[in-house]
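The values are calculated or read from the model by the stated rules, or taken from the named source; none is laboratory data. Since we're looking at a predicted model, the values are computed, not measured. Cβ atoms come from the backbone with ideal geometry, glycine included; neighbour counts cover every protein chain shown.
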Amino acid sequence: MENIVRIENLIFEYAGDENKEPLRAIKGISLDIEAGTFTAIIGRNGSGKSTLAKCLNGLFVPTDGVIYVDKWDTADDEHIWDVRQTAGMVFQNPDNQLVSAIVEDDVAFGPENMGIPSEIIRKRVDDALDSVRMGEYKLKAPHMLSGGQKQRVAIAGILAMKPKCIIFDEPTAMLDPRGRADIIRIIKELNREGITTILITHFMDEAVEADRVIIMNDGEIMLDGTPVEVFSHMEEIRAADLDVPIAVELSVRLRRRGIGVPDKIVTMKDMVEFICQYK
């Protein structure tokens with residue numbers, strides 16, 4: 001399978017004040033992301049994960065190194081809109097993405113700026129809102145919606161631009177548990193439909209739903225692999241001031257009591273199924 005994202009020796013520094021050195025947030029990382037996959041990137045605050053997300057979308061230009069999204073160099077100003085159309089981005093606070101007085105106008109905003117004919121935009125808007133189960137709210141004002149509903153509208157706005165990849169930068173951080181579950185369900189559905197998904201999160205129970213988990217620490221990649229592979233390194237993860245998924249912690253405790261929990265269990269769904277079948 002082809003790579004949709006290719007990162008080569010990426011370095012990003014935030015400019016310092018007059019008397020301070022620049023702050024190096026990303027320290028020479030390299031990685032590829034295959035088209036159609038679901039990758040979760042996790043790390044504590046200050047680990048560089050959200051900085052990486054903004055670099056992927058072209059919001060930040062690398063200090064050194066290069067990022068290719070599809071065939072586009074994110075530092076190439078001539079193709080920045082090609083980058084952002086290919087890899088859309090959903091932010092933590094949906095209010096920062098909603099710009100219109102009516103939901104359907106907000107979802108149409110991106111395609112209109114792309115110069116797409118109005119009859120095509122109308123279908124894209126309806127399809128995008130239906131995909132996130134917000135079709136019945138298309139004539140509502142965004143400020144009348146709940147946080148979870150606003151986030152779904154923000155996702156619809158990206159979907160209407162037909163991206164190959166969507167970067168979700170902590171999209172559930174401001175939501176209640178039910179809202180979080182709804183957004184993760186939508187993210188997984190979009191990935192099953194073929195959209196490459198990159199989820200930046202600090203919730204371990206979200207990360208375990210991905211095909212691949214990358215843990216960042218102090219601007220570098222600390223661990224990279226499947227959820228089973230990554231979360232088997234419990235001591236390293238805890239040393240980086242991170243938690244492990246509840247199902248992984250419970251598996252360890254049950255094994256200490258002599259219960260043979262399979263290593264592949266990392267989600268609570270799998271844990272519940274194991275317990276129900278255990279004799």
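State yes or no: is I4 modelled with pLDDT of 95 or more, surrounded by 21 or more Cβ atoms within 10 Å (Cβ to Cβ), in contact with a Cys (Cβ under 7 Å, 6 or more places away or on another chain) and of a type in the set (A, V, I, L, M, F, W, C)? Walk me through it before giving the result.
Details: modelled with pLDDT of 95 or more: yes; surrounded by 21 or more Cβ atoms within 10 Å (Cβ to Cβ): yes; in contact with a Cys (Cβ under 7 Å, 6 or more places away or on another chain): yes; of a type in the set (A, V, I, L, M, F, W, C): yes.
When the stated conditions are applied, I4 passes them.
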Return the pairs, sorted by first residue and then second, in which the second residue is part of a strand (DSSP E or B) and charged (D, E, K, R), the first residue lies in the range 225-247 and is within 14 Å of I41 (Cα to Cα) and free of Cβ contacts under 8 Å to residues at least 24 places away in the same chain, the beta carbons are less than 8 Å apart, and the residues are 6+ apart or on different chains.
G225/R212; T226/R212; V230/D224
Please give the number of the condition W81 fails out of (1) in contact with a Lys or Arg (Cβ under 8 Å, 6 or more places away or on another chain); (2) aromatic (F, W, Y); (3) free of Cβ contacts under 8 Å to residues at least 60 places away in the same chain.
(1)
Count, please, the residues in the range 200-231 that happen to be touching a helix residue (DSSP H, G or I) at 6+ places or on another chain (Cβ under 8 Å) and farther than 26 Å from F12 by Cβ.
5
Breaking point among (1) of a type in the set (V, I, T); (2) more than 22 Å from I195 (Cβ to Cβ); (3) modelled with pLDDT of 90 or more, for V99:
(3)
Options A239, A173, A207, A156; residue that is of a type outside the set (D, E) and more than 20 Å from Q92 (Cβ to Cβ)
A239
Could you tell me how many of the residues in the range 163-186 are without any contact (Cβ under 8 Å) to a residue 60 or more places away in the chain and surrounded by 17 or more Cβ atoms within 10 Å (Cβ to Cβ)?
8
Just the residues that are part of a helix (DSSP H, G or I) and either under 22 Å from V69 (Cβ atoms) or out of contact with any helix residue (DSSP H, G or I) (no Cβ under 6 Å at 6 or more places or on another chain) (or both), please, taken from the range 148-182.
Q149, R152, A154, I155, A156, G157, I158, L159, P177, R178, R180, A181
Determine if the range 90-102 includes at least one residue that is free of Cβ contacts under 8 Å to residues at least 40 places away in the same chain and in a helix (DSSP H, G or I).
yes
Confirm whether P62 is within 27 Å of I184 (Cα to Cα) and in contact with a Ser or Thr (Cβ under 9 Å, 6 or more places away or on another chain).
no
Let me spell it out: the conditions are (1) farther than 21 Å from F91 by Cα; (2) in a helix (DSSP H, G or I); (3) at pLDDT 95 or above, and L223 meets all of them except one. Which number is the exception?
(2)
Of the residues that sit in the range 198-212 and are over 11 Å from the mean Cα position of the chain (by Cα) and of a type in the set (A, V, I, L, M, F, W, C), which one is surrounded by the fewest Cβ atoms within 10 Å (Cβ to Cβ)?
F203
Where residues in the range 35-82 are among the polar types (S, T, N, Q) and in a helix (DSSP H, G or I), which of them is surrounded by the fewest Cβ atoms within 10 Å (Cβ to Cβ)?
S50
Pairs with Cβ under 8 Å, 6+ apart, first in the range 259-279 and surrounded by 12 or more Cβ atoms within 10 Å (Cβ to Cβ), second among the acidic types (D, E) and part of a helix (DSSP H, G or I)
K264/D270; T267/D205; M268/D205
Kindly indicate whether any position in the range 246-255 is in a loop (DSSP other than H, G, I, E, B), at pLDDT below 95 and surrounded by 15 or more Cβ atoms within 10 Å (Cβ to Cβ).
no
